[in-house]
1. Would you calculate a helix-derived [θ] at 222 nm for the chain, using -39,500 (n - 2.57) for each DSSP H run of n ≥ 4 and dividing by the full residue count, to the nearest 500?
2. With contacts defined as alpha carbon pairs under 8 Å and 6 or more residues apart, what's the relative contact order of the range 1-92 in percent?
3. Which lysines, on any chain, are close to LYS157 with Cα under 30 Å apart, when same-chain ones fewer than 8 places away are left out?
4. Starting from the range 13-61, pick out the trypsin sites (Lys or Arg not before Pro) whose DSSP state is loop and whose Cβ has at most 13 other Cβ atoms within 10 Å.
5. How much length is gained if the chain between SER91 and VAL12 is pulled fully straight, taking 0.36 nm per residue apart and subtracting their Cα-Cα distance, in nm to one decimal?
6. Where a Cα-Cα gap under 20 Å defines reach, which aspartates and glutamates qualify for LYS5, not counting those fewer than 8 residues away within the same chain?
7. Going by how many other beta carbons lie within 10 Å of each one, how would you line up LEU67, LEU141, fewest first?
8. Summing +1 for each Lys or Arg and -1 for each Asp or Glu, what net charge is found among the other residues whose Cβ lies under 15 Å from the Cβ of PHE43?
Amino acid sequence: MDFSKLESEYSVLLAGSGSPRDRLSALCELLKARVPQYDWFGFYVARRAEPLLDLGPFAGEATEHTLIPFGRGICGQAAESRETCIVDDVSSASNYLACSLKVKSEIVVPVMDPRTGDVAGEIDIDSHAVAAFAPEDRAFLERLALIVAADVAALRK
Ligand code: SME
């Protein structure tokens, strides 16, 4: 995957006008469409006063997990630990919250709030392939987390 080409594409998109929600939605569609192993691409947004994650913009199948407490599932684990979490085989993760039987691996990257320094939300990606997320994906997505931080923070309730 040529991540540098993708980065220039989404930089144009994120510099555009529109609301933070519209920009993040367009980013989800772009990355789901352009990266073959990204089968579900979305954001969860952390509430300001409660340790809860609300489902934000996403591209892919609808999920029943629209509200996840910190500490629950892979998403809640990443929010609590403030660290990227990669699960190569979700069937071996006892805390995994299933969205679709097709999903085999997942990466969750925390997005830090530039103003408060706490977790503003996270990037969550599911793949239908086992071990779909390489160190290059992690580096790419951790850079992306910095770039989208202000837009994710703007969606916090
Ligand atoms: N699998 C996640 C739940 C969210 S869905 O992947 C969209 C988890 O275990 O937290």
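Read-outs: derived from the displayed coordinates by stated rules, not from any lab. What you see is a predicted model, and the numbers here were worked out from it, not measured in a lab. Because the Cβ atoms are built from the backbone with ideal geometry, glycine has one as well, and the counts that use them run over all protein chains shown.
1. On the way: 5 runs with 56 residues, N = 157.
Only helices count here, giving -11000 deg cm²/dmol.
2. Details: 95 pairs, mean separation 14.8, N = 92.
Worked out over the range 1-92, it gives 16 percent.
3. Filter leaves LYS32.
4. Numbers: sites: ARG21, ARG23, LYS32, ARG34, ARG47, ARG48; in loops: ARG47, ARG48.
Passing sites in the range 13-61 are ARG48.
5. Working: separation 79, 0.36 × 79 = 28.44 nm, distance 3.76 nm.
Value of the extension gain: 24.7 nm.
6. Hits, sequence-local ones excluded: GLU29, ASP39, GLU136, ASP137, GLU142.
7. Numbers: LEU67 12, LEU141 22.
In order of increasing Cβ crowding within 10 Å: LEU67, LEU141.
8. Details: positive: ARG21, ARG23, LYS32, ARG47, ARG156, LYS157; negative: ASP22, GLU29, ASP54, GLU106, ASP113, GLU122, ASP124, ASP126, GLU142, ASP151.
Local charge sum for PHE43: -4.
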